[in-house]
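Some notes on the structure that comes next.
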There are 2 protein chains.
Amino acid sequence: MDGKPATDRLDASRPKVHPLGPLTAHEITQSADLIRGCWPHDIDCHFKVITLLEPAKVELAPYLVAERAGRDPGNIDRRAFVVYYFRGTHNLHEAVVNLTTSKVESNARLGPFMHANGDGEEIIAVEKALLAHPDVQAEIAKLKLPKGSVVVADPWIYGSDGIKDGSFYDDKRAMQCFLYMRDPRNPSELDSCHYAFPLPISPVVDPNTLELIRIDILPTGLDEKVKPLTPWQTAPPSEYIPEAQTLRTDLKPLRVVQPEGASFTVENFSELGRLIRWQKWDFKVGFNQREGMVLYDVHYDNKPLFYRLSLSDMAIPYADPRHPFHRKAAFDLGDAGAGIMANNLQLGCDCLGSIYYIGGILADSYGKPVNMPNVICVHEQDAGILWKHTNYRTNRAVVVRNRELVLQTILTVSNYEYILSFIFNTAGDLTYEARATGILSTQPLDLDLTMTPHPFGTVVHPGVLGGFHQHFFSLRIDPMVAGHGNTVVYDEAVAIPRDPELNPHGVGYTVRRTEVQSSGGYDLDPSTNRSFKVINPAVRNAVNGAAVGYKVMVPPMQAILADADSFHHKRAEFADHSIYVTRYAEGELYAGGLYTNQSRGGTGVRSWAERKDSLAEGDPVVWVQFGINHIPRVEDFPVMPVETLRVMLRPVNFFDRNPALDVPPSEQETNCSVNLNGANGSVEARLERMTLGGEDGQMRYSCASHGGV
Amino acid sequence: MDGKPATDRLDASRPKVHPLGPLTAHEITQSADLIRGCWPHDIDCHFKVITLLEPAKVELAPYLVAERAGRDPGNIDRRAFVVYYFRGTHNLHEAVVNLTTSKVESNARLGPFMHANGDGEEIIAVEKALLAHPDVQAEIAKLKLPKGSVVVADPWIYGSDGIKDGSFYDDKRAMQCFLYMRDPRNPSELDSCHYAFPLPISPVVDPNTLELIRIDILPTGLDEKVKPLTPWQTAPPSEYIPEAQTLRTDLKPLRVVQPEGASFTVENFSELGRLIRWQKWDFKVGFNQREGMVLYDVHYDNKPLFYRLSLSDMAIPYADPRHPFHRKAAFDLGDAGAGIMANNLQLGCDCLGSIYYIGGILADSYGKPVNMPNVICVHEQDAGILWKHTNYRTNRAVVVRNRELVLQTILTVSNYEYILSFIFNTAGDLTYEARATGILSTQPLDLDLTMTPHPFGTVVHPGVLGGFHQHFFSLRIDPMVAGHGNTVVYDEAVAIPRDPELNPHGVGYTVRRTEVQSSGGYDLDPSTNRSFKVINPAVRNAVNGAAVGYKVMVPPMQAILADADSFHHKRAEFADHSIYVTRYAEGELYAGGLYTNQSRGGTGVRSWAERKDSLAEGDPVVWVQFGINHIPRVEDFPVMPVETLRVMLRPVNFFDRNPALDVPPSEQETNCSVNLNGANGSVEARLERMTLGGEDGQMRYSCASHGGV
């Protein structure tokens, strides 16, 4: 966020009120004022969340149907969901504000083991406070750091272990802070990669009061033993900023040009809500503090597909069992927020081509609106060939390219980045993509162990350990495939037993369908080609009479390794199964529960699934878990190339033919590609032309070129 | 192939002789002449394969090292591998021709159950012969097809079942031909999709003699019963050609422009062999009849990585156990050839941007060189963000985009298409991508069963069944990671048992490594995050001392469902494990064996692996199997959107840091992206501008635009 107060820029377009419109600057201010009005003047509220409280499905679903049909949908009261502390205390409240009636409808103090997310102001205050603390300075002094060294601190979510640690029991909110320093030879470089210089000191701070709770000394060997602090030994830097590199000079520019503009349109469905139409798709885009980008009311060719789609949470438990690393487990949405941590995307850097940027407005800790420009970029891309056939009798080929529409958002959570996208194509496929990049949260290692294999991590740099950790993403799918009233099934391919009549040669197999009848956790099984689908039993395919459906294609993952009694496992309520199915219930939006920070479990999707609700009523919610077990490579430092994961939602017997049959074929007249071979195809001529630097490209950009060698 | 005789176009560049250079037109002619010279003049040879016989590794490996070092590599005799019939007979020979000494070094008749691949001339001759046959015409007459109907035949590889069928035992080569017709309302349309009109008659033809062996009548119900032929009932067409569609009009052009040209260079290492250099990568590209595109001597930053890479074969067994479908199992490389079936790629259709085309020269059945233009296209593409980090303290973001180099080839095997690519990036990753598209090989179904679920397929159109089938690809990796002398290992992440000292909270896990010590078949295991790697124990990572390696990232597949005693299983010698590791042996290039057509098994990778060779000598070959169980969707007809699979080879502790650290950051000055929001960001202004048709795009193409809303 850039901290600038929100402008009313967008009010130029007459603001519409819509039940799904993100809170406006005015509504944020209104919410904060109404909450403050509940308390004496000397109470200063530290606001953690001021966000849209979406209407109940029973109200909203008919509203959206009426709206689409052009009927008057009526009015639904606007409400805000507010979480706040009395500033400087652990006194936490949750409130609901009715913005239509300007009334606080509920305002309750929250019980033990419930803590709000961290925020940007907080981690900067915590860093400042601890570095100024004499006890911390005294410990740092023992390291005898080079003169002029600059120490920095990454405050981390404390996590949970249920034990009394020193005088501190983790029912209180705390932050475990990891110390690093900039390259001591270049300490004035504000963007020096301090993760190359982890220090063995880890202060624990109360982020509400900014008090120092205790100082942990980190184990830096192969086991849990902690050694007394000794003077820092010289180690080399590892910088990622370009001025520290000798950059390649032979990567020629590649540009995406849309001379007739983009194929999508964007409308305001509310002051901040955006309605996007592209290639028969239409959907509403929202943006909030916790989930960031949210899609609503997704249709293809006016056929309902998804009521609501969002990333519901992430869990990143670490492998290192040693104190204090045993508590290291982040929930980047619940503990921080994909919205509030969203990058301000820059033109020509984060996307390529013709880009529309969606901005958002969120609240700061004082309840003031904060402008979040460019949090979502929208653009088209080419993804190679979508379908092709060549008739070998006539040699006629028909080729259609795969054009995609991408909605991308990027969040930075301290050291780490996530690039999250919804990708639509012209064949009715909707893909959710997650790219993990950024910098490993490193820990110090004795220099003399650099060449020794480590049980809990990879040595990625001299004296630097990149700890093993798992990443779990949970995509929440609230479906309305061909309308509400859906059923979740999985199909498996099974061999047919040998039979003299039916299968005399032992080659036969068929497909067996299983209906998911009650809420629970379910697993993938590549050995049976198990394939989960959301179907609508009431709507039949016009061609073959099958129940129309959408397939959920999920990459396999290793389930959480922490044992079932561990807090990692109890808290990551979604990390043990690739698929969870629950019966829709109001307020059940986040797989790890509403309050993940130092949570104890029992409040997320696993607990809801354990209700064993019948799904006969046909209102299932599908929670898709995917992730990686990140065993770092040296190549992941100082910044890691993306690890990419994709979940695809694909029509299965939903349409009556290939839905991309009507996409115009790929043709040179439109694509204006450039033939680098040249007329006589001689290598010499070509190399010459290449080294002449794309004169060729210019020359042929007129589409004058012809195919073939 | 376009059938034109090969020109000597490329001879303009002084031809170099290289042991890996694909056979030249001259060498093909020379080989055919030398073989013909072995026989009396009245023997007419039907050539099936005339291709380069690559030198033994013991000769070639030192040659390549010397060549790279700039030393004189010496000379290696050029040899051709030739397979041919005495035309019109089943008399099959295999020969080796030494092109340097102009001598036939071996020339042997092959034994029973060994049959050569099909070829294009053959399937056209078979179709012509059977349609002219009175017995076939008599059967067709029983269908009482509409006047003017045009029947077409897709000759299929016969397959194997080991039984005597009528008077025919499958030790003889045969083709099972499936009949279809063009849309009877539009029979003059040569590109009418005949797969929408499958007929229940299936003649079996001897492709060597063109004799009709028998006529099978196909089961068209739910079981194996075959009904007498009855008059054809009217059914609707389903065309894929654009003139049969109402095409979308709202997809705006998207162009890839490289104003300074491409970043890669192409040199001839031989008359037809191409050496490509791009972003520290260099490798040689070959092209042959069977595998099509082959990569040799792949290096990154002059570090050896892979000695040879190619798709070694495919197997596509079908699920339908009913006669004659029970034999339906294609080996598209061994039975046909990825080279000889390669598409002539057209500029602006099959790739986007600045494209270099590689052509090939193969042999026809008369041993004449055939020009194969544009069989491989080479181009760069943008693949989104490769790495990013934003320093939340300074708000400075560094973003590097993922530029890729793509080598793409596309083959058409009768009804079906495969789009096969090697994709290189700037982080040392090498991806093999397979996209399956084209048209299902359909079979007839009683019209009144259209709405009835079918045990062996999906009804994709009235009266049209798309049978279930599995696709298995086998990628052959002959590694030289950091040099020869490699070891295959797999790493697994395993939980550490609870322990009061080491793991008191139950969260710990570590990594366990297993070395593959002898040849065999191995499986993936997502539950342990099993990760296969090729390492070089003799070369240690400079940072952490680990053996340098490359990870082989493989998508999970369902193993072949046909039982172990079935011919499908025996023949598809690679379809039962995701990973096979064998000890390198000369001539073991094709996972399904050298002669897959009507094979009986026992000649492929499973058999080689069963030798249980020790891998201690450090010369492993890794066979990576991946694929899909294709349960057709209505959406897959009349032509299917791509099913995409990717295998990634990724460095693990091979480099001393992120190898893409030196890639220039993504910047607007270079990318010239276009901001669609416009200055005031008002929706109205933007929509107006969009409908003005990209004036915006032109206006800003000068890089005048600035980021942000």
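The values are calculated or read from the model by the stated rules, or taken from the named source; none is laboratory data. This one's a predicted model, so the numbers in the text were calculated from it and none came from an experiment. For neighbour counting, all protein chains shown are included, and Cβ atoms are generated from backbone atoms with ideal geometry for every residue, glycine included. When the accessible area is computed, the model is the full protein with side chains, heavy atoms only, and any ligands, DNA or RNA have been set aside. Shrake-Rupley method; radii C 1.70, N 1.55, O 1.52, S 1.80 Å.
Observations, loosely collected:
- When B:Leu561 is tested against (1) in contact (Cβ under 8 Å) with a residue 24 or more places away in the chain; (2) farther than 30 Å from A:Pro497 by Cβ, exactly one condition is not met: (2).
- Scanning region A:631-659 for residues that are open to solvent by 20 Å² or more (accessible area, probe 1.4 Å), within 18 Å of B:Asn529 (Cβ to Cβ) and at the interface with another protein chain (Cβ under 7 Å from one of its Cβ atoms) turns up just one, A:Ile631.
- Output for region B:598-618, where each listed residue is surrounded by fewer than 21 Cβ atoms within 10 Å (Cβ to Cβ) and in a loop (DSSP other than H, G, I, E, B): B:Arg600, B:Gly601, B:Gly602, B:Thr603, B:Glu610, B:Arg611, B:Lys612, B:Asp613, B:Ala616, B:Glu617, B:Gly618
- So A:Ala397, is it more than 28 Å from A:Val298 (Cα to Cα), open to solvent by 10 Å² or more (accessible area, probe 1.4 Å) and of a type in the set (A, V, I, L, M): yes
- From the options A:Glu260, A:Glu243, residue that is of a type in the set (Asp, Glu), under 30 Å from A:Glu189 (Cβ atoms), more than 23 Å from the chain's Cα centre (by Cα) and open to solvent by 20 Å² or more (accessible area, probe 1.4 Å): A:Glu243
- Just one residue in the set B:Val378, B:Val398 is more than 28 Å from A:Asn391 (Cα to Cα) and of a type in the set (A, V, I, L, M, F, W, C); that residue is B:Val398.
- In region B:529-587, the residues that are in a loop (DSSP other than H, G, I, E, B), surrounded by fewer than 22 Cβ atoms within 10 Å (Cβ to Cβ) and away from chain A (no Cβ under 13 Å): B:Tyr584, B:Ala585, B:Glu586, B:Gly587
- Count of residues meeting criterion [in contact (Cβ under 8 Å) with a residue 12 or more places away in the chain, outside any strand (DSSP E or B) and over 28 Å from B:His299 (Cβ atoms)] in region B:479-516: 2
- Any hit, region B:474-489, residues being open to solvent by less than 10 Å² (accessible area, probe 1.4 Å) and at the interface with another protein chain (Cβ under 10 Å from one of its Cβ atoms): no
- Answer residue from region B:174-224, given it is of a type in the set (Gly, Ala, Ser) and more than 17 Å from B:Asp446 (Cβ to Cβ) and is surrounded by the fewest Cβ atoms within 10 Å (Cβ to Cβ) among those: B:Ser188
- Some residue of region A:347-365 being surrounded by fewer than 24 Cβ atoms within 10 Å (Cβ to Cβ), more than 14 Å from chain B (Cβ to nearest Cβ) and not acidic (Asp, Glu): yes
- Here is the figure for region B:209-245: residues that are of a type in the set (Asp, Glu) and under 21 Å from B:Asp320 (Cβ atoms) total 3.
- Here the strands (runs of 3 or more DSSP E) wholly within region A:209-284 that include at least 3 residues being within 7 Å of another protein chain (Cβ to nearest Cβ) and touching a residue at least 12 places away in the same chain (Cβ under 8 Å) are A:255-257, A:265-268.
- Every residue from region B:156-170 that is away from chain A (no Cβ under 11 Å) and in contact with a helix residue (DSSP H, G or I) (Cβ under 7 Å, 6 or more places away or on another chain): B:Ile157, B:Tyr158
- The residues in region B:456-472 that are under 21 Å from the mean Cα position of the chain (by Cα) and assigned to a strand (DSSP E or B) can be counted, and the count is 4.
- Residue, nearest to B:Pro321 (Cα to Cα), within region A:500-515, restricted to residues that are open to solvent by 60 Å² or more (accessible area, probe 1.4 Å) and more than 7 Å from chain B (Cβ to nearest Cβ): A:Pro500
- Test: residue in region A:116-135 that is in a loop (DSSP other than H, G, I, E, B), within 14 Å of chain B (Cβ to nearest Cβ) and hydrophobic (A, V, I, L, M, F, W, C): no
- Of all the residues in region A:517-526, those that are within 15 Å of A:Val605 (Cβ to Cβ), in a loop (DSSP other than H, G, I, E, B) and either within 7 Å of chain B (Cβ to nearest Cβ) or open to solvent by 40 Å² or more (accessible area, probe 1.4 Å) (or both) number 1.
- Residue list for region A:359-369, filter: in a strand (DSSP E or B) and over 21 Å from the mean Cα position of the chain (by Cα): A:Pro369
- Hits in region A:405-446 (condition: within 30 Å of A:Leu143 (Cβ to Cβ), facing another protein chain (nearest Cβ under 8 Å) and not in a loop (DSSP other than H, G, I, E, B)): A:Thr412, A:Glu417, A:Gly438
- Some residue of region B:377-388 being modelled with pLDDT of 95 or more, farther than 30 Å from B:Thr24 by Cα, open to solvent by 30 Å² or more (accessible area, probe 1.4 Å) and in a strand (DSSP E or B): yes
- Of the residues making up region B:481-502, those that are in contact with a helix residue (DSSP H, G or I) (Cβ under 8 Å, 6 or more places away or on another chain) and either within 26 Å of A:Gly467 (Cα to Cα) or among the hydroxyl-bearing types (Ser, Thr, Tyr) (or both) are B:Glu492, B:Ala493, B:Val494.
- In region A:98-122, the residues that are over 26 Å from A:Gly602 (Cβ atoms) and open to solvent by 50 Å² or more (accessible area, probe 1.4 Å) form Cβ pairs under 9 Å with partners that are assigned to a loop (DSSP other than H, G, I, E, B) and of a type in the set (S, T, N, Q), at six or more places apart or across chains, as follows: A:Thr100/A:Asn75; A:Glu121/A:Ser365.
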